[in-house]
Structure formats: C-alpha cells, structure tokens
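Visitor: Dropping the structure in here first, questions after.
The values are calculated or read from the model by the stated rules, or taken from the named source; none is laboratory data. What you see is a predicted model, and the numbers here were worked out from it, not measured in a lab. Here the Cβ positions follow ideal geometry from the backbone for every residue, glycine too, while neighbour counts run over all protein chains shown.
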Amino acid sequence: MTTQVPAPAVVDVLAARPVVTPRRDALRRLRRNRLAVVGAIVVVVLLAMAVLGPALAPWHYRVQDLEALRANGNRPLPPLSPDHLLGTDQLGRDLFSRLLDGAQISVTVAVVVQVVVLLIGVPVGAAAGWFGGRTDNLLMRFTDVVYAFPDLLFIILLGVAFRETAIGEAMNGLLLIFLAIGLTGWVTMARLVRGQVLSLKESEFVEAARAIGVSDFRIVVRHILPNAIGPVIVAVTLGIPSAILAEATLSFIGIGVQSPRASWGSLIDDGTRWMQSEPHLVVFPALALAIALMSFTFLGDGLRDALDPKLRGRQ
C-alpha cells in the first residue's frame, strides 16, 4: 500500500491560503454591509462629540448672548449668524453648543443604561438557564411580569415619583434616568442569555469541564458566557437606540434631564413653541436624534448579520 504525497504546487497553495478565523470572517462581512459601515462611522463621530463636546463647543451650553438677542429683536438668531453657526434658542444660548451637550447626555445614557441592563439581565438569564427547574420558573415568571408592564409608563411613574428626591435631583436628573430605563430594559437580555445558556450547557466542552470538577460558577463565567458574547453584543447595540429614545421622550415631556442641561428631547420641546417662525430650533435637534437612532440601528443590524454563524461562508 503506497501513500500519496500531495504535489508541491498544491502544498504551496494550501500554505499560502490565509486562515479565516470566525472573527475575521465576521469583520469581513461587516465591512461589506455599507449601511453598517456608515452607521459605525457616525457612531464614532457621535462618541467623539460626546467626549470632546466641551472642547468643541464655541459657547458654554448655558451662556446667553444677550447682546445678539437684543439686536435681533429678542428673537432667536437664525443659522449662520455671526458667532453662532446654528443660531441660538429663545434665551440666546448657542444651539450648536447645546446640541453637543445633548450628544454627551445621549451617549452617557446609552452606555450607562446598557451597563445596568448587563448587570441585571446576564446574571438572571444565566442562573435561570443553568439551574433550570424551580429557579428557572421563578426567575422567568418574574421576568414576564416586568416584561408585561408598559416600559414607558413604568419609566414615567418612576420619574414622577422620585423627581423631587435626592435621586431625582442627582446629576441634573441623569441618575434617575439611568435607573428607570435600566430597570425596564433588562428583560430582553435575560431571555436572550437564558436561551444561549440552555443551548450551550449540554455541549461537550461543558460536560468535559463538569467531569474534571469545575464549579458551576466557573463553567458559566469562563466557558458558556464567552461563547454567547456575539448575541449579547448585538442586543446591547440594538438596545442603545431604545435607551436614547426613552431619554429624549422623558426630557420632551418634562421629567427627564433638568435645565440648564440640554437634552435633544428638551431642545425639541423648546423649539415647538417657535416652530412656525424659527423651524431650525426643532429641525436640528430632531435631525441629530434621528441620525443617532438610525446609526446605532444600522450598526446593530450589521453586527447581527456578521455574527450569525448560519451566514458564515455564504457571503
């Protein structure tokens, strides 16, 4: 019996072929999604605006240009006015600077809320999926109760109930927004993590870890959760637009970020009073909000397609 030796040319071709890891394959498919790439670029710009906002702003967000306001007949300055690129609001405050402050608030809310969602949703979902039985029943029934309650109504109730307390006044109302939105947004994460744990806990590598005496906590943290990181990243990215929109909605109805901080929702609310004569007071903050929501949504959709193992090798 003779052994066939591959031809040198075939060996060279196989050796020259780059190894495509799942991470590289996902990154390649993400780059091919044009909407996701555009969304990622806008998200990076938004993050830069939030971090560098105070340095980029030509005015402080609460400083009034009273001289320019009086010179304009006590009316908001239009866009492209001297010293005010996007004009001013009805109090003479620079609109561009206030939009930058609104970007900082939106990004902060988005990040902190997702941290709260992860801190609550991941442990609840992991415990329910791993232990099963009564623990799973108890945790999932509690999750169903929270899920059945209208999110926005619950957030509004918390905002109204604690608005005059130390929690409601802390950080100009931002702390209360973090807690209110985070306490209603963890249920989807818990269900997702539970499903991932249920699908992975019977895997061979988990059985091998059990056989050598690895504790339940280490198995879940070191073996199961890292293998479920893809869907979790997608859920976090797609949850950011909901958090930003919820914060803007609260500020629009007057129970969100407190003055003089400038949320995009409060800017839209202020601009509605001047909509007919000074439409830029509504258009610019509404456009900023829409661009932020669409960018995170496009990026989340792209990540979902790129990290889906069913699509691997088809694109």
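Visitor: From the list ASN172, ASN137, pick out the single residue that is surrounded by fewer than 19 Cβ atoms within 10 Å (Cβ to Cβ), more than 28 Å from ALA306 (Cβ to Cβ) and either touching a helix residue (DSSP H, G or I) at 6+ places or on another chain (Cβ under 8 Å) or at pLDDT 90 or above (or both). It would help to see each step written out before you state the result.
Guide: On the way: ASN172 fails: either touching a helix residue (DSSP H, G or I) at 6+ places or on another chain (Cβ under 8 Å) or at pLDDT 90 or above (or both).
Only one candidate qualifies: ASN137.
Visitor: While we're here: Contact list please: Cβ distance under 7 Å, first residue in segment 24-39 and over 16 Å from LEU238 (Cα atoms), second residue part of a loop (DSSP other than H, G, I, E, B), pairs at least six apart or on different chains.
Guide: ASP25/ARG312; ARG29/GLN315; ARG32/GLN315
Visitor: How about segment 224-243: which of its residues are within 14 Å of GLY195 (Cβ to Cβ) and touching a residue at least 40 places away in the same chain (Cβ under 8 Å)?
Guide: ILE224, LEU225, GLY230, PRO231, VAL232, VAL234, ALA235, listed by residue number.
Visitor: Going by what's in this entry, would LEU250 be described as surrounded by fewer than 21 Cβ atoms within 10 Å (Cβ to Cβ), assigned to a helix (DSSP H, G or I) and not small (Gly, Ala, Ser)? Give the derivation first.
Guide: On the way: surrounded by fewer than 21 Cβ atoms within 10 Å (Cβ to Cβ): no; assigned to a helix (DSSP H, G or I): yes; not small (Gly, Ala, Ser): yes.
No: the conditions fail for LEU250.
Visitor: Is it true that some residue in segment 292-304 is crowded, with 18+ Cβ neighbours inside 10 Å, at pLDDT below 90 and either among the hydrophobic types (A, V, I, L, M, F, W, C) or not in a helix (DSSP H, G or I) (or both)?
Guide: Checking segment 292-304: at least one residue is crowded, with 18+ Cβ neighbours inside 10 Å, at pLDDT below 90 and either among the hydrophobic types (A, V, I, L, M, F, W, C) or not in a helix (DSSP H, G or I) (or both).
Visitor: Of all residues being out of contact with any Gly (no Cβ under 8 Å at 6 or more places or on another chain) and part of a helix (DSSP H, G or I) in segment 69-83, which is modelled with the lowest pLDDT? Just the residue, please.
Guide: Checked segment 69-83; the qualifying residue modelled with the lowest pLDDT is ALA71.
Visitor: Something else about it: Take residues that are under 19 Å from ALA243 (Cα atoms), of a type in the set (Asp, Glu) and touching a residue at least 60 places away in the same chain (Cβ under 8 Å) and tell me which of the helices (runs of 4 or more DSSP H) falling wholly in segment 109-171 contain 1 or more. Break it down stepwise before answering.
Guide: On the way: elements: 133-148, 151-161, 166-169.
Output list reads 151-161.
Visitor: Still on this structure: Only one residue in VAL193, VAL206, VAL232, VAL220 is touching a Phe, Trp or Tyr at 6+ places or on another chain (Cβ under 6 Å) and in a helix (DSSP H, G or I). Which one?
Guide: So the residue among VAL193, VAL206, VAL232, VAL220 that is touching a Phe, Trp or Tyr at 6+ places or on another chain (Cβ under 6 Å) and in a helix (DSSP H, G or I) is VAL220.
Visitor: Could you check TRP264 against (1) touching a Phe, Trp or Tyr at 6+ places or on another chain (Cβ under 8 Å); (2) in contact (Cβ under 8 Å) with a residue 40 or more places away in the chain; (3) hydrophobic (A, V, I, L, M, F, W, C); (4) surrounded by 22 or more Cβ atoms within 10 Å (Cβ to Cβ) and say which number it fails?
Guide: TRP264 satisfies every listed condition except (1).
Visitor: A follow-up question, please. I want to confirm something. Restricting to segment 21-68 and keeping residues that are polar (S, T, N, Q) and in a loop (DSSP other than H, G, I, E, B), which single residue is surrounded by the most Cβ atoms within 10 Å (Cβ to Cβ)?
Guide: Among those that are polar (S, T, N, Q) and in a loop (DSSP other than H, G, I, E, B), it is ASN33.
Visitor: Where the second residue is among the small types (Gly, Ala, Ser) and not in a helix (DSSP H, G or I) and the first is touching a residue at least 40 places away in the same chain (Cβ under 8 Å) and lies in segment 270-292, which pairs have Cβ atoms under 6 Å and are six or more apart or on separate chains?
Guide: HIS280/GLY87
Visitor: Looking at segment 116-131, is at least one residue of a type outside the set (A, V, I, L, M, F, W, C) and out of contact with any helix residue (DSSP H, G or I) (no Cβ under 8 Å at 6 or more places or on another chain)?
Guide: yes
Visitor: Further question: Hey, could you check segment 10-68 for residues that are closer than 21 Å to ALA288 by Cα and among the small types (Gly, Ala, Ser) and say which is modelled with the lowest pLDDT?
Guide: So the residue we want is GLY53.
Visitor: Under 8 Å between Cβ atoms, which residue pairs at least 6 apart in sequence (or on different chains) link something in segment 55-84 that is without any contact (Cβ under 8 Å) to a residue 12 or more places away in the chain and more than 23 Å from SER263 (Cβ to Cβ) with a partner that is among the basic types (Lys, Arg) and surrounded by fewer than 11 Cβ atoms within 10 Å (Cβ to Cβ)?
Guide: Pairs found: none.
Visitor: Quickly run through segment 84-94 and pick out the residues that are among the β-branched types (Val, Ile, Thr) and in a loop (DSSP other than H, G, I, E, B). Quick ask: steps written out before the conclusion?
Guide: Quick first cut of segment 84-94, residues among the β-branched types (Val, Ile, Thr) only: 88.
Residues satisfying the conditions do not exist here.
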